[in-house]
């Protein structure tokens, strides 16, 4: 088995409040920021090529970094299919796609793989982002996997695990190889610092379920040699490259955020949670700044403060 990171964005940041503040802001420092990026993953079993999530839509505009933004994924490296090609894979080689959840930075290029079978939890399959004829709803009928209550075997050594909270039908993927457990978790945490600190992000559809999932993830990691593969921090691909086993009792020192490149804003704003783009030209010329304070993202219902300039 070979697992690779599909590298899409780099040199971003997220605030500590965004990454760790889901259950309260006490003790958090508004000046602290963590590194951010965007990458998804591909699992090559030798018999099958299995994608885990498919990045942002190719046409999505780059966000413009703003000091007040809760999260900035960084500058685009390349589109998803180009990043996959750089790893040596063509769309027609892909047999299965596992979707951790519905948000656009995880489902953006599902359309590029019409011949692959797409697996997602039945709850997520109701979302607009998953309305494709090749989607197969998953009901997690294979019973427990370790301490997780529900799972579905996708291939030898590859499992989709029910992990609700971030979204109503959120899932994680675990791939077993040579005694290691590679946990591709979507957005159970946005950065590994939250995993070590046992903190939820501010983004969830069900906080009780999100807490239960994070507790289960930490319990699994405590009992299994796990490589933790995140989507929104470069620690995900760094952990993969080093085959770094997560030790919850010895967190690594955070690496400072690097220099952020600034470009001119277009007047558009992009939701940092689901990828929805607010374009004044498509909304009667109303500038984003002039929208009511209680306006919410029409796709994921997040408030205005979850948007950043594009």
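Of note:
- Condition check for residue 42: under 22 Å from residue 118 (Cα atoms), free of Cβ contacts under 8 Å to residues at least 60 places away in the same chain, under 18 Å from the mean Cα position of the chain (by Cα) and assigned by TED's automatic domain parsing to the domain that holds residue 165: yes
- Filtering the range 215-240 to residues that are more than 20 Å from residue 71 (Cβ to Cβ), outside any strand (DSSP E or B) and touching a residue at least 12 places away in the same chain (Cβ under 8 Å) leaves 216, 217, 218, 219, 220, 221, 222, 223, 224, 225, 240.
- Taken as a whole, the range 283-297 holds no residue that is surrounded by fewer than 13 Cβ atoms within 10 Å (Cβ to Cβ), outside the structural domain of residue 166 (by TED's automatic domain parsing) and either within 20 Å of residue 58 (Cβ to Cβ) or modelled with pLDDT under 90 (or both).
- Among (1) without any contact (Cβ under 8 Å) to a residue 40 or more places away in the chain; (2) touching a helix residue (DSSP H, G or I) at 6+ places or on another chain (Cβ under 7 Å); (3) under 24 Å from residue 127 (Cβ atoms), the one test that residue 269 misses: (1)
- Among the residues of the range 8-62, the ones that are at negative phi and assigned to a strand (DSSP E or B) come to 23 in all.
- Sole residue being within 23 Å of residue 58 (Cα to Cα), in contact with a helix residue (DSSP H, G or I) (Cβ under 8 Å, 6 or more places away or on another chain) and surrounded by 24 or more Cβ atoms within 10 Å (Cβ to Cβ), chosen from 103, 166: 103
- Of the set (1) farther than 29 Å from residue 254 by Cβ; (2) in contact (Cβ under 8 Å) with a residue 60 or more places away in the chain; (3) touching a helix residue (DSSP H, G or I) at 6+ places or on another chain (Cβ under 7 Å), all apply to residue 84 but (3).
- Any hit, the range 238-261, residues being surrounded by 15 or more Cβ atoms within 10 Å (Cβ to Cβ), under 14 Å from the mean Cα position of the chain (by Cα) and in the same structural domain as residue 10 (by TED's automatic domain parsing): no
- Looking only at residues in the range 49-80 that are surrounded by fewer than 18 Cβ atoms within 10 Å (Cβ to Cβ) and touching a helix residue (DSSP H, G or I) at 6+ places or on another chain (Cβ under 9 Å), the one that is nearest to residue 107 (Cα to Cα) is 58.
- Selection count, the range 87-100, where residues are surrounded by 18 or more Cβ atoms within 10 Å (Cβ to Cβ) and either touching a helix residue (DSSP H, G or I) at 6+ places or on another chain (Cβ under 9 Å) or in a loop (DSSP other than H, G, I, E, B) (or both): 5
The values are calculated or read from the model by the stated rules, or taken from the named source; none is laboratory data. Source: prediction; values computed, not measured. Because the Cβ atoms are built from the backbone with ideal geometry, glycine has one as well, and the counts that use them run over all protein chains shown.
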